[in-house]
1. Where does helix 108-126 land angle-wise versus the long Cα axis of the chain, in degrees 0 to 90, nearest 10?
2. Between segment 85-120 and segment 38-62, what is the separation of their alpha carbon centroids in Å?
3. In Å, what Rg and Dmax follow from the Cα atoms of segment 81-133?
4. For segment 14-76, compute Rh as the Kirkwood radius over C-alpha pairs and then the Stokes-Einstein diffusion coefficient at 25 °C and 0.890 mPa s; write the answer in µm²/s, rounded to an integer.
5. Counting pairs of Cα atoms in the chain, how many percent are more than 25 Å apart?
6. When the dipole is taken about the Cα centre of the chain, and only Lys, Arg (+1) and Asp, Glu (-1) are charged at their Cβ, what size is it in debye, to the nearest 20?
Amino acid sequence: MITPQKTRLVSRSISDQLYDVLREQILNGEVGEGEPIRQDGIAAAFEISKIPVREALVRLQQDGLVSLHPKRGFFVTPLTRKEAEDVFHLRLLIEPEATALGAQSATEEDAKKAQACLEELESAVARPGPAARGV
């Protein structure tokens, strides 16, 4: 059994925490493909030095989520066609089952929220023009 006296817990570094935040924002699409990532802006926003920002960005670069362009900085790496196809393929494998499991345990309130989302989606699709569709 592990006891506190024998195990030293260390808090996560700022760069590790920032890595998680930036990774999540990139994967969620909050930071768009090809968008520049400015170290000084991130440092100012999080009120930290540029060193942990650079460390986090280097890790993201190793993961293939950002790329470094000399004298221009870091940019979010766009997905290749193959990567996008892989993502959609995985989603098709996972999401139907996840939806079915969620539906089995859904409450009446959950069903109403889902219906409202579906109606909003259908309304957006029915509007003319690419801007109405978020393109």
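1. It is inclined by approximately 80 degrees.
2. Centre-to-centre distance over Cα atoms comes out at 35 Å.
3. 14.9, 40
4. Numbers: Rh = 11.4 Å.
The Stokes-Einstein estimate is 215 µm²/s.
5. On the way: 4861 of 9045 pairs.
The calculated P(r) of the chain puts 54 percent of pairs beyond 25 Å.
6. Taking the Cα centre of the chain as origin, the dipole is about 760 debye.
Computed from the coordinates by the stated procedures, all read-outs in this text should not be read as laboratory data. Model, not experiment: these values are computed from the prediction. As a convention, Cβ positions derive from the backbone with ideal geometry for all residues, glycine included, and neighbour counts pool all protein chains shown.
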